[in-house]
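The values are calculated or read from the model by the stated rules, or taken from the named source; none is laboratory data. Since the structure is predicted, the reported quantities are computational estimates derived from the model, not experimental observations. Positions of Cβ are generated from backbone atoms using ideal geometry, with glycine treated the same way; all protein chains shown enter the neighbour counts. Ligands, DNA and RNA are stripped out before the accessible areas are found, and what is left, the full protein with its side chains, is counted by its heavy atoms. Shrake-Rupley method; radii C 1.70, N 1.55, O 1.52, S 1.80 Å.
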Amino acid sequence: ILVATGFNEFDARKLGNYGYGRFPNVITSLELERLLNASGVTQGHVIRPSDHETPKNIVFVQCVGARGDGDRPYCSRFCCMNAVKDSLLIRQHDPEVEDITILHTDIRAFGKGFDDFVKRSQDEKSATYVRGRPSKIEEEENGDLVLFVEDTLEGKQKRVKADLVVLSVAAAPNEGAKKLADTLGIETDPYGFVA
């Protein structure tokens, strides 16, 4: 028996300081995946929801709802690689995008060859990597965004401007996972995922 429960996306509205649900140009990584899908609504082009223009500056915020955020101490194990992959895809597909920044706690590369994948991204400069989480995101009158972040390597407070912010949200256990595990007689971990 192969048990594949899937997962729910952490509701980023619970972290009001990031502006998800209030600022149209703050989206989740899953919403970005839909934009990047060649058979999707934008034929694979990244657009800003507010004005349907191509963003010049995109910022990824890692660990949203994970690793202490949103009462979840765990790492979802796929968000970093997803952001790295998406930064490479955006660079290949949308030359109008001028700058991509990935704000992270640390880049976690789980899996064979993943460290090489991150190194490739760094070598190709698909993104600028900044170690630090934003304390808040504010919206300017034109819909642009400003992220207030401490660069923990440089020890400096920064204001990072963005046309589009992508929140790499944590995976939350599927609501039916516990019941299915009980039915099958298998255990779940302390967070509700199949052990």
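Worth a mention:
- Selection from region 63-77 of residues that are more than 16 Å from ARG108 (Cα to Cα) and among the aromatic types (Phe, Trp, Tyr): none
- For region 93-106, a tally of residues being closer than 19 Å to LEU30 by Cα and out of contact with any Phe, Trp or Tyr (no Cβ under 6 Å at 6 or more places or on another chain) returns 6.
- In region 7-23 there is at least one residue matching the filter, namely being part of a strand (DSSP E or B), open to solvent by 60 Å² or more (accessible area, probe 1.4 Å) and not aliphatic (A, V, I, L, M).
- Within region 32-41, tally of residues that are at pLDDT below 95 and surrounded by 14 or more Cβ atoms within 10 Å (Cβ to Cβ): 3
- Top-ranked residue in region 89-118 [being of a type in the set (Asp, Glu), in contact (Cβ under 8 Å) with a residue 12 or more places away in the chain and closer than 22 Å to GLY132 by Cα; ranked as most open to solvent (accessible area, probe 1.4 Å)]: GLU98
- Close pairs (9 angstrom Cβ cut-off, 6 or more residues apart or separate chains): touching a residue at least 40 places away in the same chain (Cβ under 8 Å) in region 6-20, hydroxyl-bearing (Ser, Thr, Tyr) and open to solvent by 50 Å² or more (accessible area, probe 1.4 Å) anywhere: ASN17/SER135
- Screening SER126 against (1) within 16 Å of the chain's Cα centre (by Cα); (2) at pLDDT 90 or above leaves a single unmet condition, (2).
- Against the criterion of being at pLDDT below 95, within 21 Å of VAL26 (Cβ to Cβ) and among the small types (Gly, Ala, Ser), SER121 does not qualify.
- Within region 71-117, the set of residues being in a loop (DSSP other than H, G, I, E, B) and in contact with a helix residue (DSSP H, G or I) (Cβ under 8 Å, 6 or more places away or on another chain) comprises VAL97, ILE107, ARG108, ALA109, PHE110, GLY111.
- Counted residues, region 163-195 - those being outside any strand (DSSP E or B) and on the phi < 0 side of the Ramachandran plot: 20
- Per-region count, region 31-70, residues in a loop (DSSP other than H, G, I, E, B), among the aliphatic types (A, V, I, L, M) and either touching a Pro at 6+ places or on another chain (Cβ under 6 Å) or touching a residue at least 60 places away in the same chain (Cβ under 8 Å) (or both): 2
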